[in-house]
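J.: This structure is in structure tokens; I'll ask about it shortly.
Derivation of every value follows stated rules applied to the coordinates shown; laboratory data play no part. The model shown is predicted, which means the values in this text are computed figures rather than measured ones. Quick reminder, even Gly has a Cβ in these numbers, built from the backbone with ideal geometry, and neighbours come from all protein chains shown.
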Amino acid sequence: MTVHKVIARVFLHLYRRSIRFARETGVRLVVAEAGKDLRIFGRVRIDMPQKVYIGDDCRLNEGVLIVGRDEVRIGNGVTLSAHVMITSAGIESGPPRRHSQAPVAVGDNVWLAANVTILSGVKIGEGAMIAAGAVVTEDIPANVMAAGVPARVIKPLQSFHERGKPQTLAA
């Protein structure tokens, strides 16, 4: 490997770390509360951040969107994979159609896989896993795997603390 390639790799590594640090600092400054060891990997958008609370050891990946019209609470150890959307805003179904809002709560040690959508008024229990592409319209209990549109429980899981090895989202 040439000296030029080594220098380029070092520069790229430092550049990426500085961008991630800037994003993490920016999120910490605008949200109501952010716990320690927050990691952001890519661009994240938070609308109305003054009602967004993020716990310790959370991971937010590329394309995450959080709309905090009402309170959004994200627990400790939560991973939001690429392009997850959490919104506490909605539209009432009956005429006249009006904007509505309801709080959203994501429990500790939850994994939301890629392209998951969490709608207003939903509570997700501790240790739950939500499969890729799911749309969560109702509460999800603790320690279950949910999938589909709308999301439904597909199988129970061991509690997060009892899991001996990592589990996948395969049914």
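J.: In nm, give the distance between the simple-model label positions of ILE19 and THR137, each being 7 Å from the Cα along the Cα-to-Cβ direction.
T.: Inter-label distance under the simple model: 3.8 nm.
J.: When the chain is fully extended, how far beyond the present Cα-Cα distance does LEU65 get from ASN115, taking 0.36 nm per residue of separation?
T.: Separation in residues times 0.36 nm, less the Cα-Cα distance, equals 17.0 nm.
J.: Counting other beta carbons within 10 Å of each residue's own, what order do ILE154, ILE124 fall into, fewest first?
T.: Ordered by Cβ neighbours within 10 Å, fewest first: ILE154, ILE124.
J.: Starting with the fewest neighbours, write out ASP56, ASP108 ranked by other beta-carbon atoms found within 10 Å of each beta-carbon.
T.: Ordered by Cβ neighbours within 10 Å, fewest first: ASP56, ASP108.
J.: Stretched out fully, how many nm does the piece from ILE7 to MET48 gain, at 0.36 nm a residue minus the Cα gap?
T.: My answer for the length gained is 10.7 nm.
J.: Here's a follow-up. Mind checking which of TRP111, GLY42, CYS58 is farthest towards the positive end of the stretch 3-162's charge dipole, using Cβ charges of +1 (Lys, Arg) and -1 (Asp, Glu) about the Cα centre?
T.: Ranked along the dipole, the leading option is GLY42.
J.: Separate question: Going by alpha carbons, how many degrees (0 to 90, nearest 10) lie between the helix axis of 3-30 and the longest principal axis of the chain?
T.: Helix 3-30 sits at roughly 40 degrees to that axis.
J.: Here is a follow-up. Dipole of the chain, Cα-centred, from +1 at each Lys and Arg C-beta and -1 at each Asp and Glu C-beta, to the nearest 20 debye?
T.: Its charge dipole is roughly 740 debye.
J.: May I pose another question? Quick one: MET85, MET129, fewest Cβ neighbours within 10 Å first, how do they rank?
T.: Taking fewest neighbouring Cβ atoms as first place, the list is MET85, MET129.
J.: Next up: What relative contact order, as a whole-number percentage, does the stretch 3-162 give when Cα pairs under 8 Å and 6 or more residues apart are counted?
T.: Over the stretch 3-162, the number comes to 13 percent.
J.: Give, to the nearest whole percent, the P(r) tail of the chain beyond 28 angstrom, counting all Cα pairs.
T.: Tail fraction, whole percent: 28.
J.: Please work out how many pairs of lysine residues in the stretch 3-162 are eight or more positions apart (or on different chains) and have Cα atoms closer than 29 angstrom.
T.: Close lysine pairs under the 29 Å cut-off: 4.
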